[in-house]
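*Asks:* Below is one structure. I have some questions about it.
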């Protein structure tokens with residue numbers, strides 16, 4: 001992010017400090033933090049981030065199998081979230097689409113549903 005370094009150096013430094021504080025050793029080791037970052041990057045659809053964090057995970061002892069599993073977990077969350085996000089006002093839109101009822105018949109006088 002060279003533009004941040006050039007235009008907003010304080011912001012660039014703060015971002016770097018944030019990264020350093022998050023990825024330093026803590027309850028989770030660096031390898032596992034990088035695996036979480038890979039899964040998060042998949043969900044954010046950031047190809048650059050997936051690549052960078054995969055390389056860092058490998059450098060910190062992750063196997064290709066572990067990286068593949070982190071990606072698979074992200075894929076599962078992405079797929080499952082498409083079912084749950086449709087809950088609006090306590091009712092799931094899919095329930096209303098798939099509930100048993102007679103399909104509405106188009107009004108023959110108007111033609112299609114657009115009123116043409």
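Any read-out appearing in this document is the output of simple, stated calculations on the displayed coordinates, not a laboratory observation. Here the structure is a predicted model, which is why all the values come from computation and not from measurement. Glycine also receives a Cβ, built like all others from the backbone with ideal geometry; neighbour counts cover every protein chain displayed.
*Asks:* Multiplying the sequence separation of residue 63 and residue 29 by 0.36 nm and subtracting their Cα-Cα distance, what value in nm do you get? Don't skip to the answer; put the middle values down first.
*Replies:* On the way: separation 34, 0.36 × 34 = 12.24 nm, distance 1.46 nm.
Here the segment from residue 63 to residue 29 would lengthen by 10.8 nm.
*Asks:* Could you order peptides 12-18, 78-84 by the average number of other Cβ atoms within 10 Å of their residues, highest first? If you can, show how the numbers build up before the last one.
*Replies:* Working: 12-18: 12.4, 78-84: 10.1.
Output ranking for 12-18, 78-84: 12-18, 78-84.
*Asks:* When the gyration tensor of segment 2-83 is built from Cα positions, what are the square roots of 5 times its three eigenvalues, in whole Å, from largest to smallest?
*Replies:* Details: eigenvalues 125, 57, 26 Å².
In descending order, the three semi-axes are 25, 17, 11 Å.
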